[in-house]
Structures are given as C-alpha cells and as structure tokens.
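Colleague: Take a look at this one; I'll ask things after.
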Amino acid sequence: MKNYFYSIPGLTPSEMYYIQSLTKELSEEKVKEFVYFYTAKRKSEQDILLFTLLGLIGIAGIQRFMLGQIALGIIYFITGGLCLIGTIVDLINYKQLTEKFNQTAALESLQMIGVGNPFL
C-alpha cells in the first residue's frame, strides 16, 4: 500500500507515527480520505511559532485562536499575552500545543470518514 502520509507538508516523525497507528487497520481508500481531511485540519509548528512571535510585538493571542482556544485568545489579546508571560510560555511550548491540536484533528478526521475512535 502506498504511504499517503508523505504528501502532508511539515509532518513530524512523532505525528507520522501517531497517524499511522490510528490508520493501520483502514483500507487504502479510507486512508486517502483521512489524509484529505487531516491535511485541511492540522496546523504546522512553524505557523504556530510565527503567530506566537507576533504576540511579542503587540498582537497577542493569535496562536490561541488558531488552536481553537477562543476564550484564551481573547484573554491574551486583552491582557497583552498576560503581560507577555503567557506568550513567552507559548514560545517555549509551541510544539506541544501544536501536537495536541493535531492529535485532536486526527481523531476528528477519523470521525469524518466514518471511523470511530480506535482508542475507545
């Protein structure tokens, strides 16, 4: 079977391992559907890093909006990234924030193609 995961831009090795473990029992057609939906939903680490860096020059919270954390994004925006402390913490943890978001996006993509959560 062809490995369709190589077509996903910016895929990290840990992310590749995670989505391979999720899709190992799927047919080739379902894997193609999964890759289509997952590619549209996932965020790249570089994008999250870039938008977190923007928080240092005054537009704080964009990374939280991108990660679907609307309330925290509003709080960051109003407080200047919690007086820059939250933004600095996000700069340190941007990879973990992105990984957690992408794992959720992978599970949502499985549901979109009609496959339940394999870990339940």
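The values are calculated or read from the model by the stated rules, or taken from the named source; none is laboratory data. Everything numeric in this text was worked out from a predicted model, so none of it was measured. When we count neighbours, we look across all protein chains shown, and the Cβ atoms used for this are built from the backbone with ideal geometry, even at glycine.
Colleague: Pull out all pairs, ordered by first then second residue, where Cβ-Cβ is under 7 Å, the residues are six or more apart or on different chains, the first lies in region 68-79 and is at negative phi, and the second is surrounded by fewer than 16 Cβ atoms within 10 Å (Cβ to Cβ) and modelled with pLDDT of 95 or more.
Modeller: Matching pairs, first to second residue: Gly73/Phe65.
Residue by residue, here is whether (1) closer than 28 Å to Gln69 by Cβ; (2) charged (D, E, K, R); (3) surrounded by 14 or more Cβ atoms within 10 Å (Cβ to Cβ); (4) free of Cβ contacts under 8 Å to residues at least 12 places away in the same chain holds:
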{"position": "Tyr4", "(1), (2), (3), (4)": "no, no, yes, no"}
{"position": "Gly10", "(1), (2), (3), (4)": "yes, no, no, no"}
{"position": "Glu15", "(1), (2), (3), (4)": "yes, yes, yes, no"}
{"position": "Tyr18", "(1), (2), (3), (4)": "yes, no, yes, no"}
{"position": "Glu28", "(1), (2), (3), (4)": "no, yes, no, no"}
{"position": "Lys32", "(1), (2), (3), (4)": "no, yes, yes, no"}
{"position": "Tyr38", "(1), (2), (3), (4)": "yes, no, yes, no"}
{"position": "Lys41", "(1), (2), (3), (4)": "yes, yes, yes, no"}
{"position": "Ile48", "(1), (2), (3), (4)": "yes, no, yes, no"}
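Colleague: Is it the case that some residue within region 95-103 is more than 28 Å from Tyr18 (Cβ to Cβ) and in a helix (DSSP H, G or I)? Steps first, answer last, please.
Modeller: Within region 95-103, the subset more than 28 Å from Tyr18 (Cβ to Cβ) is none.
No; the residues of region 95-103 include none that is more than 28 Å from Tyr18 (Cβ to Cβ) and in a helix (DSSP H, G or I).
Colleague: Condition (residue is of a type in the set (A, V, I, L, M), on the phi < 0 side of the Ramachandran plot, under 18 Å from the mean Cα position of the chain (by Cα) and part of a helix (DSSP H, G or I)) applied to region 6-19: is it met by at least one residue? Write out each step before concluding.
Modeller: Residues of region 6-19 of a type in the set (A, V, I, L, M): 8, 11, 16, 19.
If we keep only those that are on the phi < 0 side of the Ramachandran plot too, we end up with 8, 11, 16, 19.
With the extra rule that they be under 18 Å from the mean Cα position of the chain (by Cα), the set shrinks to 8, 11, 16, 19.
Filter once more, so that each one left must be part of a helix (DSSP H, G or I): 16, 19.
Yes, because at least one residue in region 6-19 is of a type in the set (A, V, I, L, M), on the phi < 0 side of the Ramachandran plot, under 18 Å from the mean Cα position of the chain (by Cα) and part of a helix (DSSP H, G or I).
Colleague: Continuing with this model, one more query. Can you name every residue in region 47-75 that is under 22 Å from Leu107 (Cα atoms) and either of a type in the set (Phe, Trp, Tyr) or part of a helix (DSSP H, G or I) (or both)?
Modeller: Asp47, Ile48, Gln63, Arg64, Phe65, Met66, Ile70
Colleague: Among the residues of region 50-67, what is the count of those that are on the phi < 0 side of the Ramachandran plot and buried (at least 17 other Cβ atoms within 10 Å of the Cβ)?
Modeller: Within region 50-67, residues that are on the phi < 0 side of the Ramachandran plot and buried (at least 17 other Cβ atoms within 10 Å of the Cβ) number 9.
Colleague: Mind listing whichever residues of region 27-70 are closer than 15 Å to Leu84 by Cα and of a type in the set (Phe, Trp, Tyr)?
Modeller: Phe51 - this is the single residue of region 27-70 that is closer than 15 Å to Leu84 by Cα and of a type in the set (Phe, Trp, Tyr).
Colleague: How many of the residues making up region 20-45 are hydroxyl-bearing (Ser, Thr, Tyr), under 20 Å from Leu97 (Cα atoms) and not in a helix (DSSP H, G or I)?
Modeller: Adding up the residues that qualify gives 1.
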